1. Of A:Arg50, B:Arg181, how do they rank once you tally other Cβ atoms within 10 Å and put the fewest first?
2. Tell me the net charge near B:Ser361. Cut-off is 12 Å between Cβ atoms, B:Ser361 excluded, with +1 for each Lys or Arg and -1 for each Asp or Glu.
3. Would you mind getting the Kirkwood hydrodynamic radius of the protein assembly as shown from its Cα pairs, rounded to one decimal in Å?
4. Once phi is turned into ³J(HN,Hα) by the Karplus curve 6.51 cos²θ - 1.76 cosθ + 1.60 with θ = phi - 60°, what whole-Hz value does each residue of region B:137-150 show in order, with x for glycine and proline?
5. Got a sec to turn the phi values of region A:59-73 into Karplus ³J(HN,Hα) couplings, 6.51 cos²θ - 1.76 cosθ + 1.60 with θ = phi - 60°, whole Hz, x for Gly and Pro?
6. Between B:Gln161 and B:Glu194, what length comes free when the chain is fully extended (0.36 nm per residue of separation minus the Cα-Cα distance, one decimal in nm)?
7. Taking R0 as 41 Å, what FRET efficiency do you get between B:Ala354 and B:Ala234 from their Cβ-Cβ distance, rounded to the nearest 0.05?
8. Label point 7 Å out from B:Thr129 along Cα-to-Cβ: which residues of region B:327-344 have amide N under 15 Å?
Amino acid sequence: MRFMTIVKTREGARPSPALIEKIGKLGADAASKGAMVGMGGLGPTSQGARARLANGKITVTDGPFTEAKEVIGGYAIYEVASKQEAIAWTRAFLEAHIGLWDHELEVEIRQMMDDPTKGC
Amino acid sequence: MTRQKAADAIDAVWRIESARLIAGLARIVGEIGVAEDLAQDALVAALEQWPESGVPDNPGAWLMATAKHRAIDQLRRGKMQDRKHEHLGRELDERQVSPEPELAAAIDDHVGDDLLSLILTACHPVLTTDARVALTLRLLGGLTTDEIARAFLVPKATIQQRIVRAKRTLAAARVPFEVPRGAELAQRLESVLEVVYLIFNEGYSATAGDEWVRPALCEDALRLGRILAELAPAEAEVHGLVALMEIQASRLRARVGPGGEPILLLDQDRGRWDHLLIGRGLAALARAEALGGAYGPYTLQAAIAACHARARTAEETDWTRIVALYDGLAQLMPSPVVELNRAVALGMAFGPAAGLEVVDSLTTDPALAGYHLLPSVRGDLLAKLGRFDEARAEFARAARLTQNVRERDLLHKKGEAL
């Protein structure tokens, strides 16, 4: 089963070198256990844009998304045997932030529908 | 936390942590059977305690600490009646370990080496292939006996017996728990790669049963391959095998139709191929080639798979390069199955007559006597040459030979369509 975890937090908060190192280690651990197959961080919303369809009309707004309390900061893709396994990796990810991250952090864990074993 | 929720969480933790747990313990006690027992004890403790206490913040460390305590307790209480515990005591005595801190330190060191030792032991040449497969899925894959039995469509008792016997064989042969170096490592790894690819193939084209693919087995094999690539990063063929499996797995979704029927490579909707896996596969192939593995058997097969992965349409396939790669493979490991595949590529590159010439030379090969793909390939080539009656007879023969229900249906359809 393939899961994407989407990390949301306050825009502009920067991880310390200690946190970056810890998360890097965790990522390497997940990769060495064959669980993580992809990951990435997203740039600031000031470099992005938002496109919206409403009432048949498309509007595009350049970043930053100043009104947003939380923005997506990064993602990881796991290939695991169960949702619980994806949750376990996410718990470890959050755990790594304790004491090193002052803001709230939310991770959404979603099964990917392009899972190679689905749709057969 | 409900009991069920805790049990699910523990299941997940077990999948993630059990291999390292068993590996670390095995180095201390010297025997994987004893190590697995200790790890299982820790699992039982988790099942008792976690529903009340919740899952600890670092569940892997919790399990390891618990297992270590069990090992030390057994030692302290001096209850060494049975053979395993005697063994445990002796190992610790020999190392002159004063239990707690040093034992703990000993387990924490060399995690990578321990895991590699574990997989090398599980795939040791003294074991039968069946035993290697069962033991690898159990100790490295974290699968239960039940799950292994279901995956291979055999009774649970059969797998149980296989595992018990395998552990006994390893203990009797006094197989040392260690990582050999240099040429010996490469040689022992061959056996591991063989086992991993066997597991993958059993999932990729099930030899028996109602389903043509069992993707869970492919996933297990891929996971083992990815772990192995981290454990032995300098071994080109490990990356070659990973590349091969990633690229083949990228087609899993596209190679089964809505009714569960197989869809052959050239007929697949390439838009349904999994590009995450293709990207990973091509990267692993590049790594294997950079390590000088271009002519290893798995790397060669991965290079062939990559030719298909790179072609946006079936027509764009570089068949001439595939023929050249099969030529290399045929020299490296001459086998009638490789020859048969080479014939398919020849037929695509230089016309069906060229392919048929090679296939005809194989029809008397006793190794292929019961192999359904021989008449199946021959049928395809004959059909392309307009020899429909002969082609029909070949498809019928192939249908009789295959054990797989889905494949049989496909072959019948092919014959009827002519």
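1. Fewest-to-most ranking of A:Arg50, B:Arg181: B:Arg181, A:Arg50.
2. For residues surrounding B:Ser361, the net value is -2.
3. Its Kirkwood hydrodynamic radius stands at 25.8 Å.
4. 5, 6, 7, 9, x, x, 7, 7, 4, 4, 5, 5, 4, 5
5. 3J(HN,Hα) across region A:59-73, in whole Hz: 10, 10, 10, 6, x, x, 8, 4, 6, 7, 6, 10, 10, 6, x.
6. Stretched fully, the B:Gln161-B:Glu194 segment lengthens by 9.7 nm.
7. The computed FRET efficiency comes out at 0.55.
8. Under cut-off, by backbone N: B:335-338.
Values in this text are rule-based calculations from the coordinates and carry no lab data. All values reported here derive from a predicted model rather than from experimental measurement. So basically every Cβ, Gly included, is an ideal-geometry build from the backbone, and we count neighbours across all protein chains shown.
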